[in-house]
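The values are calculated or read from the model by the stated rules, or taken from the named source; none is laboratory data. Since the structure is predicted, the reported quantities are computational estimates derived from the model, not experimental observations. Here Cβ is always computed from backbone atoms with ideal geometry, including for glycine, and neighbour counts include all displayed protein chains.
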Amino acid sequence: MSNETTVLDGDDLARTLARIAHEIVEGHPDPSALVLVGIHTRGAVIAQRLQQRLAALLDREVPLGDLDISFYRDDLATRGDGGQDAPVIHATHLDGVPLEGASVVLVDDVLFTGRTIRSAIEAIFDYGRPDRVQLAVLVDRGHRELPIRADYVGKNLPTAVAERVNVRVAEIDGRDEIAIERREDGPDAARPTEAR
């Protein structure tokens, strides 16, 4: 049993992405080296939306890639319960993305323990050596296990470990929203879920 509270609706999400795009532009006086890389699954969708907003602000196309970090995770063997929660593997699309000497902005939906971002940084450096890597997230929910912080944050959302942050995007879920779900019972009630 669970209950859910919506904290951002579709309009809020659009405004949040617009603000993040403006902050990225401000953080890159020379945008020629700027590259976006979205982390599957919803981070890749968010990165596509940011790319469109940045193109309008900069009057130029920003290179875009996406990344699956499933096999880079240090907790892959401990996730799930016999395959039910096993990760879905997506293709990584970084071929032709100019990473060497770039200023890469990694994009994800929720920053939680930091393990996803650590894995993403490791994966990025397997494909090239950017000058710097920054992080943009829609939600920072706290509970960090690694010394990782976001450079661009849509919303800081303090949560309990037993809560889950659900980011929904129209391309995948049919609607845009961010909600907090509180699990009342069941085996996941007291177990953190890294992805959210």
* **Hits in the stretch 20-32 - residues which are over 16 Å from the mean Cα position of the chain (by Cα) and within 15 Å of Asp151 (Cα to Cα)** => His22, Glu23, Val25, Glu26, Gly27, His28
* Structure fact -> Of those in the stretch 37-49 that are assigned to a helix (DSSP H, G or I) and more than 8 Å from the chain's Cα centre (by Cα), the residue surrounded by the most Cβ atoms within 10 Å (Cβ to Cβ) is Ala47
* Test result for Arg53, over 21 Å from Asn166 (Cβ atoms), in contact with a helix residue (DSSP H, G or I) (Cβ under 6 Å, 6 or more places away or on another chain) and either modelled with pLDDT under 95 or charged (D, E, K, R) (or both) -> yes
* Search the stretch 50-71 for residues being among the charged types (D, E, K, R) and in contact with a Pro (Cβ under 9 Å, 6 or more places away or on another chain), and hand back the single one that is surrounded by the most Cβ atoms within 10 Å (Cβ to Cβ). => Asp68
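For every residue, the table says whether it meets (1) at pLDDT 95 or above; (2) closer than 27 Å to Ala33 by Cβ; (3) of a type outside the set (D, E, K, R).
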position: Asp109; (1), (2), (3): yes, yes, no
position: Arg118; (1), (2), (3): yes, yes, no
position: Tyr127; (1), (2), (3): no, yes, yes
position: Tyr152; (1), (2), (3): yes, yes, yes
position: Leu157; (1), (2), (3): yes, no, yes
position: Asp173; (1), (2), (3): yes, no, no
* Asked: Within the set of pairs 6+ apart or on separate chains, which have a first residue in the stretch 122-139 that is surrounded by 17 or more Cβ atoms within 10 Å (Cβ to Cβ), a second that is of a type in the set (Asp, Glu) and in a helix (DSSP H, G or I), and C-beta atoms under 9 Å apart?
  -> Ala136/Glu23
* To do: Six or more apart or on different chains, Cβ under 9 Å: which pairs go from a residue in the stretch 97-112 that's closer than 14 Å to Gln51 by Cβ and in contact (Cβ under 8 Å) with a residue 40 or more places away in the chain to one that's small (Gly, Ala, Ser) and assigned to a strand (DSSP E or B)? Could you list them?
  => Val97/Gly65; Val104/Gly65; Val105/Ala136; Leu106/Gly38; Leu106/Ala136; Val107/Gly38; Val107/Ala136
* Structure fact -> Looking across the stretch 154-163 at residues that are without any contact (Cβ under 8 Å) to a residue 40 or more places away in the chain and in contact with a strand residue (DSSP E or B) (Cβ under 8 Å, 6 or more places away or on another chain), the single one that is surrounded by the most Cβ atoms within 10 Å (Cβ to Cβ) is Glu163
